[in-house]
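Novice: What follows is a structure written as structure tokens; I'll ask about it next.
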Amino acid sequence: MTPRLAFCHHPRSFPWTQVSEAARDVCELIWVLDAQFGPIDRLTRVLKRVGTVIDVTGLTPAAAAARIGAESPDGILALSDTRLVWTAAVARELDLDFLSVETATALTDKSAQRAALAAGGVEVPDVWLISDPGARAAVDELAANATFPAILKPRSGEASRDTVRVDSAEQLRAELALVDGAREAPEPMILEGYLRDRSEKAGEAFADYVSVESIVGGGVTTHLTITGRFPPAPPFRESGFFMPSALNAADQEGVLAAASAALRALGIHVGSVHTEVKLTPEGPRVIEVNGRIGGGVPEMLGAVSGFDLMRETLKLALGGTAPARGPELDRVGFLFYVQAPADMRTVTAVDGLDVLAAEPGVEEVILNRAPGDSVDWREGNHGHVFSARGVAGDHHELQSIARQIPELVAIHGT
């Protein structure tokens, strides 16, 4: 009998077409939809053609579990940070294997994650919680006791949204005032010590931080590859990913050891994990751990190894065991997120995308912000203007493609 998997969909996660394709010959999908994340009427009509659809809008985890349980799922999965804790609660009700509620909380609450990592023996920077950015007295007290430089970011969030470096108490107060003024309700933030930059980079022209792509299941943890980065667009917006990284053997060993320690500390026993690690003068340090597949990772990994990460993730959710070894990568997969200047507010034109798409090695170019669309650096990675994905023969060829992009494509705006 074909196993059934309850998939908790989120519109800003992986497209349903990608999940549906990966499920072919693996499982039947039970699509779990919630209208609080966006309209679901049209999506419901489409997904009913490729599986069962359950609307859990407004339901508690217990009530949703009763509705999902009636479909007899063999596993449950969510690939969006926003849905991890809720899905963990439903899984507990149904006795399905997923992250524990405690682990899911630590994966989506940066303050809780730092505490869990520290409790597990992983070295972390100092962290200060800012429950209400508008509470002036509390902010003044924190500013007087914090050390700088530091990083200010939302307590819960992804894609480097609202993330900025602060170098003084005065700048912290100013940034918090901006955050408070932009939100209808107070959004908890955290301030954490800045992980020092290493003088030598992680390979010529590359950033000094990477991510480890891992899968866990059946008592086995396998690190599939290390993803390198290009230097971020100010303040901390991703500009480019590539795999494998350009790290030397010693740095790779240190990064993988840091990722392994983080996964153990957080109690991750199943699923796909995306762990960001910075190379500092003191050694590799964990930036954060994400309990889901990293954006763009399945496409890059598949292009250079044939490994189907989405498919393997579905299998793990159904009780599968992670492979003993990661795949062999024969070329360099890349994904560029091209960002607007931090002071741009509206895109008026994007010229040269067709020229870029015709370049050797470039397989896909996607416009994310069309002329007339607004842009805001506070959206983080989600606010990129366009992306370009493809394959390079080696890291030198990759750097050549990176240099060509700003020469071939011009972003105009106000």
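Novice: Pairs only if they're at least six apart or on different chains, beta carbon under 8 angstrom, first in region 1-23 and in the same structural domain as Val50 (by TED's automatic domain parsing) and farther than 19 Å from Pro73 by Cβ, second surrounded by 14 or more Cβ atoms within 10 Å (Cβ to Cβ) and of a type in the set (Ser, Thr, Tyr); list them, first residue then second.
Specialist: Pairs that qualify, where the first residue is in the same structural domain as Val50 (by TED's automatic domain parsing) and farther than 19 Å from Pro73 by Cβ and the partner is surrounded by 14 or more Cβ atoms within 10 Å (Cβ to Cβ) and of a type in the set (Ser, Thr, Tyr), are Arg12/Ser80; Arg12/Thr82.
Novice: Is at least one residue of region 376-383 touching a Gly at 6+ places or on another chain (Cβ under 9 Å) and of a type in the set (Asp, Glu)? Give the steps one after another, and end with the answer.
Specialist: If we filter region 376-383 for residues that are touching a Gly at 6+ places or on another chain (Cβ under 9 Å), which is where we start, we get 376-377, 380-381.
Now drop any that are not of a type in the set (Asp, Glu), which leaves 376.
Yes, that holds for at least one residue.
Novice: If you don't mind, another one. Kindly indicate whether any position in region 312-334 is surrounded by fewer than 20 Cβ atoms within 10 Å (Cβ to Cβ) and assigned to a helix (DSSP H, G or I).
Specialist: No; the residues of region 312-334 include none that is surrounded by fewer than 20 Cβ atoms within 10 Å (Cβ to Cβ) and assigned to a helix (DSSP H, G or I).
Novice: Shifting gears a bit: Taking Pro11 as meeting all but one of (1) of a type outside the set (Phe, Trp, Tyr); (2) buried (at least 17 other Cβ atoms within 10 Å of the Cβ); (3) in contact with a Gly (Cβ under 7 Å, 6 or more places away or on another chain); (4) within 27 Å of Leu266 (Cβ to Cβ), write down the number of the exception.
Specialist: Result: Pro11 passes all but (2).
Novice: Taking into account only those residues within region 102-151 that are among the polar types (S, T, N, Q) and in contact with a Pro (Cβ under 9 Å, 6 or more places away or on another chain), which is modelled with the lowest pLDDT?
Specialist: Applying the first criterion (among the polar types (S, T, N, Q)) to region 102-151 yields 103, 105, 108, 111, 113, 131, 145, 147.
Subset that is in contact with a Pro (Cβ under 9 Å, 6 or more places away or on another chain): 111, 131.
Working: Ser111: 96, Ser131: 91.
Here the answer is Ser131.
Novice: Still on this model: Scan region 21-67 for residues that are more than 24 Å from the chain's Cα centre (by Cα), in a loop (DSSP other than H, G, I, E, B) and not basic (Lys, Arg) and jot them down.
Specialist: Listed by number, the residues that qualify are Asp25, Val26, Cys27, Val50, Gly51, Val56, Thr57, Gly58, Leu59, Thr60.
Novice: Let me ask something else about it. When the residues of region 233-258 are filtered to those that are under 15 Å from the mean Cα position of the chain (by Cα) and not basic (Lys, Arg), which remaining residue is nearest to Ala342 (Cα to Cα)? Steps first, answer last, please.
Specialist: Filtering region 233-258 for residues under 15 Å from the mean Cα position of the chain (by Cα) gives 236-242.
Subsequent filtering for residues that are not basic (Lys, Arg) retains 236, 238-242.
Details: Phe236: 10, Glu238: 13, Ser239: 13, Gly240: 17, Phe241: 20, Phe242: 23 Å.
Filtering region 233-258 for residues that are under 15 Å from the mean Cα position of the chain (by Cα) and not basic (Lys, Arg), the one nearest to Ala342 (Cα to Cα) comes out as Phe236.
Novice: Where residues in region 365-391 are in contact with a Ser or Thr (Cβ under 8 Å, 6 or more places away or on another chain) and over 30 Å from Glu187 (Cβ atoms), which of them is surrounded by the most Cβ atoms within 10 Å (Cβ to Cβ)?
Specialist: Applying the first criterion (in contact with a Ser or Thr (Cβ under 8 Å, 6 or more places away or on another chain)) to region 365-391 yields 365-366, 368, 371-375, 380-381.
Remaining after also requiring over 30 Å from Glu187 (Cβ atoms): 365, 371.
Working: Val365: 22, Pro371: 12.
Of everything passing the filter in region 365-391, Val365 is surrounded by the most Cβ atoms within 10 Å (Cβ to Cβ).
Novice: Sticking with this one: Can you tell me which residues in region 224-243 are touching a residue at least 40 places away in the same chain (Cβ under 8 Å) and surrounded by fewer than 20 Cβ atoms within 10 Å (Cβ to Cβ)?
Specialist: Phe230, Pro232, Pro234, Pro235, Phe236, Ser239
Novice: Which is surrounded by 19 or more Cβ atoms within 10 Å (Cβ to Cβ) and among the charged types (D, E, K, R), of Asp162, Asp140?
Specialist: Values: Asp140 fails: surrounded by 19 or more Cβ atoms within 10 Å (Cβ to Cβ).
Being surrounded by 19 or more Cβ atoms within 10 Å (Cβ to Cβ) and among the charged types (D, E, K, R) holds for just one of Asp162, Asp140, which is Asp162.
Novice: To continue, here is another question. Between Val273, Val286, Val304, Val347, which is surrounded by 21 or more Cβ atoms within 10 Å (Cβ to Cβ), of a type outside the set (Ser, Thr, Tyr) and touching a Pro at 6+ places or on another chain (Cβ under 7 Å)?
Specialist: On the way: Val273 fails: touching a Pro at 6+ places or on another chain (Cβ under 7 Å); Val286 fails: touching a Pro at 6+ places or on another chain (Cβ under 7 Å); Val304 fails: touching a Pro at 6+ places or on another chain (Cβ under 7 Å).
Testing whether each residue is surrounded by 21 or more Cβ atoms within 10 Å (Cβ to Cβ), of a type outside the set (Ser, Thr, Tyr) and touching a Pro at 6+ places or on another chain (Cβ under 7 Å) leaves just Val347.
Novice: So Val277 passes all but one of these: (1) out of contact with any Gly (no Cβ under 6 Å at 6 or more places or on another chain); (2) of a type outside the set (Gly, Ala, Ser); (3) under 19 Å from Phe334 (Cβ atoms); (4) not in a loop (DSSP other than H, G, I, E, B). Which condition number does it fail?
Specialist: (3)
Novice: Given the options Asp351, Asp373, name the one that is out of contact with any His (no Cβ under 8 Å at 6 or more places or on another chain) and either of a type in the set (Gly, Ala, Ser) or more than 30 Å from Phe7 (Cα to Cα) (or both).
Specialist: Values: Asp351 fails: out of contact with any His (no Cβ under 8 Å at 6 or more places or on another chain).
Checking each option against the conditions leaves just Asp373.
Novice: Looking at (1) in contact with a helix residue (DSSP H, G or I) (Cβ under 9 Å, 6 or more places away or on another chain); (2) in the same structural domain as Met189 (by TED's automatic domain parsing), can you tell me which one Ala138 breaks?
Specialist: (1)
Novice: OK, next. Going residue by residue through region 248-267, is there one that turns out to be in contact with a strand residue (DSSP E or B) (Cβ under 6 Å, 6 or more places away or on another chain), not assigned by TED's automatic domain parsing to the domain that holds Thr82 and not in a helix (DSSP H, G or I)?
Specialist: no
Novice: Restricting attention to region 208-219, does a residue exist that is within 19 Å of the chain's Cα centre (by Cα), among the small types (Gly, Ala, Ser) and either outside any strand (DSSP E or B) or crowded, with 22+ Cβ neighbours inside 10 Å (or both)? Reasoning before the result, please.
Specialist: Taking region 208-219 as the starting set, the residues that turn out to be within 19 Å of the chain's Cα centre (by Cα) are 208-216.
Of the ones still in play, those that are also among the small types (Gly, Ala, Ser) are 211, 214.
Subset that is either outside any strand (DSSP E or B) or crowded, with 22+ Cβ neighbours inside 10 Å (or both): 211, 214.
Yes; the residues of region 208-219 include at least one that is within 19 Å of the chain's Cα centre (by Cα), among the small types (Gly, Ala, Ser) and either outside any strand (DSSP E or B) or crowded, with 22+ Cβ neighbours inside 10 Å (or both).
Novice: Note down all Cβ pairs under 6 Å where the first residue falls in region 341-362 and is in a loop (DSSP other than H, G, I, E, B), the second is surrounded by 12 or more Cβ atoms within 10 Å (Cβ to Cβ) and modelled with pLDDT under 95, and they're at least six residues apart or on different chains.
Specialist: Hits for this filter: Ala342/Pro234; Ala342/Trp377.
The values are calculated or read from the model by the stated rules, or taken from the named source; none is laboratory data. As the structure is a prediction and not an experimental result, all values here were calculated from the model. Counting neighbours? That spans all protein chains shown, and the Cβs are built from the backbone with ideal geometry, glycine included.
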